[in-house]
Structures are given as structure tokens and as C-alpha cells.
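Accompanying notes for the structure given below.
The values are calculated or read from the model by the stated rules, or taken from the named source; none is laboratory data. Quick caveat, the model's predicted, so the values are computed rather than measured. Every residue, glycine as well, gets a Cβ built from its backbone with ideal geometry; the counts of neighbours run over all protein chains shown. Protein only, heavy atoms only, side chains kept; ligands, DNA and RNA dropped before computing areas. Shrake-Rupley method; radii C 1.70, N 1.55, O 1.52, S 1.80 Å.
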Amino acid sequence: FEQGLQTIGRRFAEPLTAERLASELNVSASHLRKIFLRYAGETPKSYISALRLRHAERYLLHTDMKLHAIAGACGYGDEFHFSRTFKKRKGLSPSAFRRTSRERGDRL
């Protein structure tokens with residue numbers, strides 16, 4: 001489990017899938033899923049997505065990077081997928097999140 005977390009932490013910006021991670025760790029995808037559910041309370045896919053979104057939040061708050069650049073830096077194939085995922089999880093579009101967070105003076 002720890003090795004999986006370390007790999008995800010180092011490579012979250014790559015097109016890393018749970019299947020690829022399982023293969024690199026020499027376990028089956030179903031075994032990796034069971035381990036993550038037991039110890040992290042979520043699937044590897046969900047964990048990777050949450051980590052990407054945490055990094056995206058930091059970029060949105062602390063940089064003036066364009067959305068397409070943030071999407072790429074956080075492992076999303078394109079800006080549209082990033083924006084849809086962000087809005088689904090956070091309730092705001094990335095642009096609205098950046099604007100309202102800065103207006104409130106939020107810091108991560």
C-alpha cells in the first residue's frame with residue numbers, strides 16, 4: 001500500500017491508471033483496489049483523482065497559470081475533462097473557484 005501511495009505521489013501528473021499501477025507493483029488490479037479500499041477508504045482511481053484535484057486547487061490559488069496548463073500539470077488529458085471533473089467534485093468550475101477563493105483570501 002505504501003509503495004502504491006509513493007508511486008502515485010511521484011507520478012500523479014502522468015497518465016497513471018489503476019491497472020498500470022497494479023502492473024508496476026506486481027499485483028492484480030482487483031487486489032490493489034481491495035487494499036486501497038481497506039487502507040485509504042477509496043479506490044486507487046478515486047485517490048489519484050483527489051490528489052490531482054488538490055494540486056489543481058493549489059495552482060488555482062497560488063499561480064496565474066491558464067487552465068489548460070494546470071490540467072496538463074495535474075495529469076488531465078485536456079482542459080475540458082479537468083474542468084468537468086473539478087466542477088463535479090468541488091461544485092464550482094476551476095475559474096469560479098479561483099475567483100471566489102481569491103476574493104475571500106483563501107490559502108491552502
| said: Run the simple label-point estimate for Glu103 and Asp64 please: 7 Å along Cα→C-beta, distance reported in nm. | reply: 2.0 nm
| Quick one: helix 94-104 against the long Cα principal axis of the chain, what's the angle to the nearest 10°, folded into 0 to 90? | 60 degrees
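Taking the Cα centre of the chain as origin, work out the dipole magnitude from +1 charges on Lys and Arg Cβ and -1 charges on Asp and Glu Cβ, in debye rounded to 20.
Details: 21 positive and 11 negative charges, 76 e Å.
Dipole size: approximately 360 debye.
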| query | Rounded if a/c is under 1.5, else prolate if a/b beats b/c, else oblate: with a ≥ b ≥ c from the C-alpha gyration tensor eigenvalues square-rooted, which is region 53-94? | reply | oblate
| remark: Stretched fully, the stretch from Ser46 through Glu14 gains (0.36 nm per residue minus C-alpha distance, one decimal, in nm) 10.0 nm
| task | Among (1) 144; (2) 114; (3) 100, find the value of volume of the Cα convex hull per residue in Å³ that was calculated from the structure presented, and write down its label. | result | (3)
| Sequence of Leu92, Leu53, Leu67 from largest to smallest accessible area, 1.4 Å probe | Leu92, Leu67, Leu53
| query | Pairing the Cα long axis of helix 29-39 with the longest principal axis of the chain, what angle in degrees results, from 0 to 90 and rounded to the nearest 10? | reply | 70 degrees
| Top of Ile35, Ile70, Ile48 by mean-square fluctuation, Gaussian network on the chain, Cα under 10 Å | Ile35
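Full-extension gain between Glu2 and Glu24, please, as 0.36 nm times their residue separation minus the C-alpha to C-alpha distance. Don't jump to the answer; show the numbers that get you there.
On the way: separation 22, 0.36 × 22 = 7.92 nm, distance 1.36 nm.
Residue separation times 0.36 nm, minus the Cα-Cα distance, leaves 6.6 nm.
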| Taking the Cα centre of region 1-40 as origin and charging only Cβ (+1 Lys, Arg; -1 Asp, Glu), how large is the dipole, in debye to the nearest 20? | 120 debye
